[in-house]
Amino acid sequence: MKDEYPHYIEFRHVYKTFDAPVLVDCSFHCAPGETLAIIGRSGVGKSVSLSHIMGFLKPDEGRVIVAHRDITDLEEAELRQIRKKVTMVFQSGALFDSLTVGENILFSLELREDYDEANRADVVKGLLDMVDLAQYEDAYPSDLSTGYRRGVAIARALAAQPDCVLYDEPTTMVDPIMSEDMGRLMVRLKHQLGLTSIVVTHDLDLMRKVADKVVFLYEGRVIYFGPVSELDRCDHPHVAEFLAMDRVDLSGMGGSR
Ligand SMILES: Nc1ncnc2c1ncn2[C@@H]1O[C@H](COP(=O)(O)OP(=O)(O)OP(=O)(O)O)[C@@H](O)[C@H]1O
Ligand SMILES: [Mg+2]
């Protein structure tokens, strides 16, 4: 499998049209252990791309490779197996409000087949430690800030022991300090756990901090795919404009988006 599909995640000439074309001939890939950022304006198809990786959407044309498998034609039962390896952290956190932070994590652990009940308290603590939120085990999600809720959502995603985590706008609606923390956490998880990750973001500071490679989408097409370190040298006018707008944003709006 790995010989045929060396990349952990790959889009091969993916097309998707709803009322209008959203993805047009999109190709990019992400190696195991790498972090790939997907950037571009609102409505350009970033979240739609993540839904293809989760197998919630199927391309009209092209192939989607996930966990070294071509998932394009897989049935729901097989997709569920893939989703054990690749989990998504939703923007809202999607936590259960009536359960404590610890119980939210326990809930995910119980979905795991190999999970050993004897050390569940340790596992919950270990996961919360990983995201620096151990002291909030008995708190309710509604007591926490957006950033902390996202941290809990990440701990919960990690409970499934995934190979890969997808983050959709992890720093939207959190303050700049929390954004920094989130970036540090993502880098730490990548190194400690060898996680592969894909992050959809408008936050170019976060992108520079966490990503190895970047996909820039514009009008449904990939107009840049390459190392984050070379994005600044990309001479595509829309990339240059996007980067310039971000600099204006930073000077004019005090750095928060
Ligand atoms: N299930 C769907 N049915 C019909 N149209 C959809 C569906 N999902 C997404 N779209 C459309 O596809 C386009 C891309 O949406 P998507 O959510 O991927 O944008 P995005 O890049 O994530 O934007 P944002 O930065 O605002 O989150 C939008 O025009 C959206 O309305
Ligand atoms: Mg989106």
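The three principal axes of the C-alpha atoms in the stretch 4-44 carry coordinate ranges of 34, 23, 11 Å, sorted with the longest axis first.
Sorting 33-46, 226-239 by their mean Cβ neighbour count within 10 Å, with the most densely packed peptide first, gives 33-46, 226-239. In percent, rounded to a whole number, the relative contact order of the chain is 25, using alpha-carbon pairs under 8 Å and six or more apart. Normalising the average separation of contacting C-alpha pairs (under 8 angstrom, six or more residues apart) by the number of residues puts the relative contact order of the stretch 1-137 at 21 percent. Computed from point charges on the beta carbon alone (+1 for Lys and Arg, -1 for Asp and Glu), the dipole magnitude for the stretch 113-257 about its Cα centre is near 320 Debye. Reported value for the chain: 138 Å³ per residue, from the convex hull of its C-alpha atoms. Which number comes out as Rg/Rh for the stretch 1-88 once both Rg and the Kirkwood Rh are worked out on C-alpha atoms? Dividing the radius of gyration by the Kirkwood radius yields 0.94. Under 5 Å from the amide H of ILE38 lie the amide H atoms of VAL199, VAL200, THR201, VAL215, each residue being 5 or more positions distant or on a separate chain, with H modelled from the backbone and absent for Pro and chain starts.
Note on the chain: helix-only mean residue ellipticity at 222 nm, from DSSP H runs of 4+ residues weighted -39500 (n - 2.57) and normalised by residue number, equals -11500 deg cm²/dmol. The convex hull around the C-alpha trace of the stretch 49-90, projected and averaged over every direction, spans 2.9 square nanometres. Inter-part distance, the stretch 39-69 to the stretch 192-217, computed on C-alpha centroids, equals 16 Å. If you only keep lysine pairs separated by 8 or more in sequence, or across chains, how many in the chain come under 23 Å at the Cα atoms? Number of lysine pairs found: 24.
Rule-based calculations on the coordinates, nothing more; no lab input. Given the structure is predicted, the values throughout are model-derived calculations rather than measurements. Reconstructed Cβ throughout: ideal geometry from the backbone, glycine too, with neighbour counts over all protein chains shown.
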